[in-house]
Amino acid sequence: MRVDRAGVFHAWGAGLEEVFGYTEAEVLGRNLEFLIPPRLRPLHRRGFGKALATGRLRHQGKVVRAVGVHKGGHLVPFRAVDILEFGEDGTVETVAAVIMDHGWGSMVQRVAFDERRIDAPATAG
């Protein structure tokens, strides 16, 4: 995926439809905020603005964990790497992201394990 300085989508990879439920036609030309949970939008705006102003990401070159909003309205956790793309004048022109993986998988397994441990009868030690 790729957005311009205003946060408007200019590219949407085919695999992203599986992650977020939107087709390329539904996304191109829209601002990315519809994918961000409403209560996280102010935080995102600050971080996005700072990255554009400084030309640096807080987690430069690292995989970050985030959560987005699926077309169906539910939250989708994912891991991604964000990439700043610079113009000839040295300013950030676009921001690209590569989604590494998505889903609640490991969290669901941890919760199930914790529930089994909690529900297990206490043993005398």
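Averaged per residue, what accessible surface does region 36-101 expose to a 1.4 Å probe, in Å²?
Normalised by residue count, the accessible surface of region 36-101 is 67 Å².
I need the calculated FRET efficiency for the pair residue 53 and residue 100, taking r as the beta carbon distance and R₀ as 25 Å, to the nearest 0.05.
E between residue 53 and residue 100, to the nearest 0.05, is 0.40.
For residue 75 paired with residue 4, estimate the spin-label separation in nm (one decimal), with each label point 7 Å from Cα along the Cα-to-Cβ line.
3.2 nm
At 0.36 nm per residue, and after removing the present C-alpha to C-alpha distance, how many nm does the segment from residue 45 to residue 88 gain when stretched out fully?
Length difference between fully extended and current span is 13.0 nm.
The values are calculated or read from the model by the stated rules, or taken from the named source; none is laboratory data. These figures come from a predicted structure and were not determined experimentally. Methodologically, a virtual Cβ is constructed for each residue, glycine included, from the backbone with ideal geometry; neighbour enumeration extends over all protein chains shown. Quick note on the areas: whole protein, heavy atoms, side chains included, nothing else; ligands and nucleic acids left out. Shrake-Rupley method; radii C 1.70, N 1.55, O 1.52, S 1.80 Å.
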